[in-house]
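The values are calculated or read from the model by the stated rules, or taken from the named source; none is laboratory data. Just so you know, these numbers come straight off a predicted model, no measurement behind them. Cβ placement follows ideal geometry from the backbone for every residue including glycine, while neighbour counts extend to all protein chains displayed. We work out accessible area using only protein heavy atoms, side chains counted, and drop any ligands, DNA or RNA first. Shrake-Rupley method; radii C 1.70, N 1.55, O 1.52, S 1.80 Å.
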Amino acid sequence: MSVCTFIAANFPLDEIRVLNEYPLEINVDERTVHDDDTDDNFTLRKFGDVSCYTDMAYGVCLEWAYYTEGRAKRIIKYISDVLRHTDTVEVWHVWLDGFCGFYDDDERPVIKKKTLHIDEVTLEVIKELDDAEIWQNNYLKRPVFHCLRIVR
């Protein structure tokens with residue numbers, strides 16, 4: 001299982017593919033990851049499990065090695081473009097667990113929601129969401145899902 005960030009909307013979402021191949025360097029000893037920091041080095045792929053997390057009809061999963069300001073600017077632009085066709089876009093940061101949202105009451109994830117107007121979405125907001133801890137309340141043994149609702 002793993003952490004997943006996805007964008008959801010009630011409007012069909014376009015995929016974005018990496019145009020160039022970039023080296024991915026992972027140094028376990030130094031705990032660093034490097035992928036050339038280029039702004040186009042991320043992918044948005046169709047996310048079929050969107051209905052497990054939201055009532056939105058469409059989703060794309062964000063795949064990147066890590067946050068950069070340039071990538072965040074492109075994500076904000078992508079969301080702005082989608083908002084020309086729909087009133088709300090959600091950006092989720094969740095734990096994929098294979099249960100498709102079916103939990104016992106004591107295992108149900110905590111969901112933290114925040115709503116912002118598109119003009120309030122900054123690079124720092126995207127960074128904060130990307131850095132959000134999924135297992136911040138380990139004593140409860142429940143994940144914390146983060147949902148940023150963005151409205152036009």
Considering the stretch 115-139 alone, what residues qualify as being outside any loop (DSSP other than H, G, I, E, B) and surrounded by 13 or more Cβ atoms within 10 Å (Cβ to Cβ)? L116, I118, L123, V125, I126, K127, E128, L129, D130
Would you tally the residues in the stretch 38-63 being of a type outside the set (D, E, K, R), modelled with pLDDT of 95 or more and open to solvent by 70 Å² or more (accessible area, probe 1.4 Å)? 1
Here is a list of conditions, (1) modelled with pLDDT of 95 or more; (2) under 20 Å from D49 (Cβ atoms), and E120 meets all of them except one; can you say which number that is? (2)
Suppose we keep only residues that are modelled with pLDDT under 95 and over 24 Å from A65 (Cα atoms) within the stretch 140-152. Which one would you say is surrounded by the most Cβ atoms within 10 Å (Cβ to Cβ)? R142
Being part of a strand (DSSP E or B), modelled with pLDDT of 75 or more and over 27 Å from V144 (Cα atoms) is the filter here, so list the residues in the stretch 4-25 that pass it. I16
Which of the residues that make up the stretch 94-117 are at pLDDT 95 or above and under 17 Å from the mean Cα position of the chain (by Cα)? K113, K114, T115, L116
